[in-house]
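Chemist: Got a structure for you, questions after.
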Amino acid sequence: MAMQVVEIRVSFAWWVKPYLWGVQTMSALTGLKCDHDKVTYWLTKGMRIKWR
């Protein structure tokens with residue numbers, strides 16, 4: 001039986017890193033924890049998945 005190989009590439013929109021930096025900075029400054037559901041929502045919006 002032949003084994004199949006699947007290549008998955010995940011990339012993020014340009015604004016994801018600044019967004020995460022901002023969330024982390026505000027969390028550190030205020031001492032509050034971030035809303036993980038909101039962060040996950042925006043990460044999935046900025047994520048691009050390609051496979052072959």
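Nothing in this text is a laboratory measurement; each read-out follows from the coordinates by a stated rule. Quick caveat: nothing in here was measured; it's all calculated off a predicted structure. Here Cβ is always computed from backbone atoms with ideal geometry, including for glycine, and neighbour counts include all displayed protein chains.
Chemist: So which residues in region 1-38 are of a type in the set (S, T, Y) and touching a helix residue (DSSP H, G or I) at 6+ places or on another chain (Cβ under 9 Å)?
Modeler: Residues of region 1-38 that are of a type in the set (S, T, Y), as a first pass: 11, 19, 25, 27, 30.
Selection gives Y19 alone.
Chemist: For residues in region 20-52 being of a type in the set (G, A, S) and on the phi < 0 side of the Ramachandran plot, which is nearest to the chain's Cα centre (by Cα)?
Modeler: First pass over region 20-52, keeping only residues of a type in the set (G, A, S): 22, 27-28, 31, 46.
Subsequent filtering for residues that are on the phi < 0 side of the Ramachandran plot retains 22, 27-28, 46.
Values: G22: 14, S27: 17, A28: 19, G46: 7 Å.
The extreme case among them is G46.
Chemist: Here is a follow-up. Anything in region 12-49 that is polar (S, T, N, Q) and surrounded by 11 or more Cβ atoms within 10 Å (Cβ to Cβ)? List them, or say none. Quick ask: steps written out before the conclusion?
Modeler: Start the filter on region 12-49 by keeping residues that are polar (S, T, N, Q), which leaves 24-25, 27, 30, 40, 44.
Q24, S27 - these are the residues of region 12-49 that are polar (S, T, N, Q) and surrounded by 11 or more Cβ atoms within 10 Å (Cβ to Cβ).
Chemist: If W14 satisfies every condition in (1) touching a Gly at 6+ places or on another chain (Cβ under 9 Å); (2) in contact (Cβ under 8 Å) with a residue 12 or more places away in the chain but one, which is the exception?
Modeler: Failed condition: (2).
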